[in-house]
Amino acid sequence: MSEQNGTPAARRFRRSVGIIGSGVAALHLGLFLRQHGVSTTIYTDKHPDSIAKGRLLNTVVHHAPTLAREHELEIDFWLTAEIGIQEMSYHVGGPNPISFVGSFLPPSAAIDYRIYLPRLMQAFEERGGEIRMQILRIADIQLIADNHDLVVVASGRSTLGEAFPRRMDKSPYARPPRALCVGLFRGVRAEEPATVTINLEPGQGELIEIPLLSFDGLEQALLFEICPGSALIDLANVSPSSSPDLFRDVVLGALREHFPGTYERVDLSSFGLIRPLDLLQGVLTPLVREDWVRLPSGKIAVSLGDVHAAIDPMMGQGANVASHTALDLGRAILDESEYDELFAETVATARRPFVEAASDWTNMMLRRELPGHLLELLGVMPGNRALADVFTSNFGSPDRQWRAIATEDRARAFTATWADHAMSGAS
Ligand SMILES: Cc1cc2nc3c(=O)[nH]c(=O)nc-3n(C[C@H](O)[C@H](O)[C@H](O)COP(=O)(O)OP(=O)(O)OC[C@H]3O[C@@H](n4cnc5c(N)ncnc54)[C@H](O)[C@@H]3O)c2cc1C
């Protein structure tokens with residue numbers, strides 16, 4: 001082998017990576033690899049047109065580190081100056097209600113994935129990536145591995161993920177801890193400046209309001225997280241296509257009874273789903289799977305995104321984690337020359353604290369009763385804006401957030417660090 005052919009850049013051009021899936025995990029990895037000259041093929045069952053014309057997929061908020069990665073990947077097609085979300089407004093119900101506001105420093109942003117993913121698929125192809133449309137089964141992972149140096153499985157919460165064993169130590173829920181009902185609604189006045197509002201109603205569930213860029217500009221998403229057996233459960237069961245009036249009444253009833261701060265901003269004359277497909281109802285059992293498996297041929301397959309960690313949307317972590325770990329994996333692919341067990345373990349060790357922090361933090365928030373130390377911490381926030389800003393900005397850094405709040409001692413130390421910023425006279 002000549003020296004020139006052995007340079008890192010030359011080796012990179014000879015490599016070939018197959019990625020299963022075309023969600024944010026697959027596309028951020030694929031775009032990163034193309035940016036660095038690696039031959040990359042995405043295998044997916046979804047054509048961009050069917051995503052664009054399909055049902056609401058989620059209501060993802062991208063936090064500042066993800067927006068910075070989009071800039072690095074040259075896919076920052078949407079101006080944060082126009083759609084940026086500046087603040088998060090918190091309301092915790094119960095016997096001692098807590099309300100406060102924190103800032104995202106710098107701002108976050110939310111784009112309808114029916115717009116976002118097709119645009120990224122287009123960019124991937126324009127930059128020399130190949131997309132093959134195929135519905136794959138678990139056995140096909142080996143076939144794809146045979147054609148590439150490395151296969152990455154980023155197929156979301158589909159059954160392909162079952163190729164990676166579930167980690168029982170990090171998957172505390174045997175059943176979904178919440179039912180989900182999320183839609184884009186007209187007739188809900190957005191808060192100013194642009195704000196994500198999170199309402200926690202102990203024992204009932206949560207409502208998260210998100211200003212999201214969709215087909216007609218900024219629209220208001222309402223994401224209901226419903227505890228099993230809660231009075232809100234009809235939200236998950238009543239179908240707006242078969243009973244549109246009943247569905248509207250159920251949503252309005254939930255807002256009136258449990259989330260009055262949002263109800264106050266509803267215009268009853270125009271309230272309703274914006275388009276029939278702007279609604280998603282379902283359940284999700286959070287879990288963490290192994291980082292990699294050895295295929296029958298001896299090659300390695302790496303898990304990424306929701307395949308690796310399916311995280312409940314309450315704390316808005318799944319896509320941000322998928323993007324973070326996609327670029328970490330991409331850098332490891334460039335750095336290493338062999339995609340063997342040592343490579344896979346190096347990737348796993350590097351990403352573990354970040355992924356586990358996002359998952360552990362969210363799983364703690366999903367408990368039927370929030371731990372006392374967390375309520376104590378939240379109770380300090382109304383009188384300490386600096387602390388609330390750090391807590392809010394940490395949505396983009398779950399590892400930092402988890403180090404701050406995981407235990408009673410850590411939460412006290414976190415509060416103490418910011419005690420000098422407490423506003424005098426604040427309750
Ligand atoms: C209501 C809601 C709100 C959310 N809010 C947030 C938020 O605010 N912030 C945040 O960070 N995260 C949020 N999430 C989570 C986030 O949406 C996911 O974590 C993220 O989109 C997962 O991306 P992924 O690429 O891993 O998987 P996916 O986006 O699910 O992509 C999987 C891909 O694999 C393809 N595929 C599946 N099966 C096959 C097969 N058999 N053959 C071929 N291809 C296949 C699919 O077509 C798809 O392209 C939210 C989720 C929901 C449901």
Quick one: Ser269 ticks every box in (1) farther than 21 Å from Leu31 by Cα; (2) touching a Lys or Arg at 6+ places or on another chain (Cβ under 9 Å); (3) more than 16 Å from the ligand (Cβ to nearest atom) except a single one, so which number is it?
(2)
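Select from region 46-70 the residues that are more than 18 Å from Thr325 (Cβ to Cβ) and either within 13 Å of the ligand (Cβ to nearest atom) or part of a helix (DSSP H, G or I) (or both) and list them in ascending order.
So the first thing to find is which residues in region 46-70 are more than 18 Å from Thr325 (Cβ to Cβ), and the list is 46-57, 59.
Lys46, His47, Pro48, Asp49, Ser50, Ile51, Ala52, Gly54, Arg55, Leu56, Leu57, Thr59 - these are the residues of region 46-70 that are more than 18 Å from Thr325 (Cβ to Cβ) and either within 13 Å of the ligand (Cβ to nearest atom) or part of a helix (DSSP H, G or I) (or both).
Going residue by residue through region 389-407, is there one that turns out to be in a helix (DSSP H, G or I) and more than 24 Å from the chain's Cα centre (by Cα)?
Of region 389-407, the ones in a helix (DSSP H, G or I) are 389-396, 398-405.
Filter once more, keeping what is more than 24 Å from the chain's Cα centre (by Cα): none.
No: region 389-407 contains no residue that is in a helix (DSSP H, G or I) and more than 24 Å from the chain's Cα centre (by Cα).
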Determine if region 67-81 includes at least one residue that is of a type in the set (Phe, Trp, Tyr) and crowded, with 20+ Cβ neighbours inside 10 Å.
no
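Taking into account only those residues within region 82-128 that are acidic (Asp, Glu) and at pLDDT 95 or above, which is most open to solvent (accessible area, probe 1.4 Å)? Even if it seems obvious, please write down each step before you answer.
Here is the first cut: in region 82-128, the residues acidic (Asp, Glu) are 82, 87, 112, 125-126.
Okay, now just the ones that are also at pLDDT 95 or above, so 87, 112, 125-126.
Working: Glu87: 40, Asp112: 1, Glu125: 100, Glu126: 121 Å².
The extreme case among them is Glu126.
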Hey, can you tell me all the residues within region 255-269 that are under 15 Å from His91 (Cα atoms) and not in a helix (DSSP H, G or I)?
Phe259, Glu264
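Can you confirm whether region 212-222 contains a residue that is over 19 Å from Pro260 (Cα atoms), in contact with a Pro (Cβ under 6 Å, 6 or more places away or on another chain) and open to solvent by 50 Å² or more (accessible area, probe 1.4 Å)? Spell out the reasoning first.
Within region 212-222, the subset over 19 Å from Pro260 (Cα atoms) is 212-219.
Next cut, in contact with a Pro (Cβ under 6 Å, 6 or more places away or on another chain) only: 218.
Okay, now just the ones that are also open to solvent by 50 Å² or more (accessible area, probe 1.4 Å), so 218.
Yes, region 212-222 contains a residue that is over 19 Å from Pro260 (Cα atoms), in contact with a Pro (Cβ under 6 Å, 6 or more places away or on another chain) and open to solvent by 50 Å² or more (accessible area, probe 1.4 Å).
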Looking at (1) more than 23 Å from the chain's Cα centre (by Cα); (2) open to solvent by less than 10 Å² (accessible area, probe 1.4 Å); (3) among the aromatic types (Phe, Trp, Tyr), which one does Tyr339 not meet, given that it meets all the others?
(2)
Can you tell me which residues in region 244-271 are crowded, with 17+ Cβ neighbours inside 10 Å and not aromatic (Phe, Trp, Tyr)?
Arg248, Val250, Val251, Ala254, Leu255, His258, Thr262, Val266
Take region 161-177 and flag every residue that is surrounded by 17 or more Cβ atoms within 10 Å (Cβ to Cβ) and in contact with a helix residue (DSSP H, G or I) (Cβ under 7 Å, 6 or more places away or on another chain).
Gly161, Ala163, Phe164, Lys170
Selection from region 226-242 of residues free of Cβ contacts under 8 Å to residues at least 60 places away in the same chain, in a loop (DSSP other than H, G, I, E, B) and under 24 Å from the mean Cα position of the chain (by Cα) yields Pro228, Leu232, Ile233
Residue in region 288-309 that is under 18 Å from the mean Cα position of the chain (by Cα), of a type in the set (Val, Ile, Thr) and open to solvent by 10 Å² or more (accessible area, probe 1.4 Å) present
no
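Please verify whether Leu246 is within 16 Å of the ligand (Cβ to nearest atom) and either assigned to a loop (DSSP other than H, G, I, E, B) or not β-branched (Val, Ile, Thr) (or both), treating the condition exactly as stated. So that I can check it myself, show each step before the final result.
On the way: within 16 Å of the ligand (Cβ to nearest atom): no; either assigned to a loop (DSSP other than H, G, I, E, B) or not β-branched (Val, Ile, Thr) (or both): yes.
So Leu246 does not fit the description; no.
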List the strands (runs of 3 or more DSSP E) inside region 277-369, counting only whole elements, that have at least 3 residues being out of contact with any helix residue (DSSP H, G or I) (no Cβ under 6 Å at 6 or more places or on another chain) and within 13 Å of the ligand (Cβ to nearest atom).
279-283
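The values are calculated or read from the model by the stated rules, or taken from the named source; none is laboratory data. Since we're looking at a predicted model, the values are computed, not measured. So basically every Cβ, Gly included, is an ideal-geometry build from the backbone, and we count neighbours across all protein chains shown. Quick note on the areas: whole protein, heavy atoms, side chains included, nothing else; ligands and nucleic acids left out. Shrake-Rupley method; radii C 1.70, N 1.55, O 1.52, S 1.80 Å.
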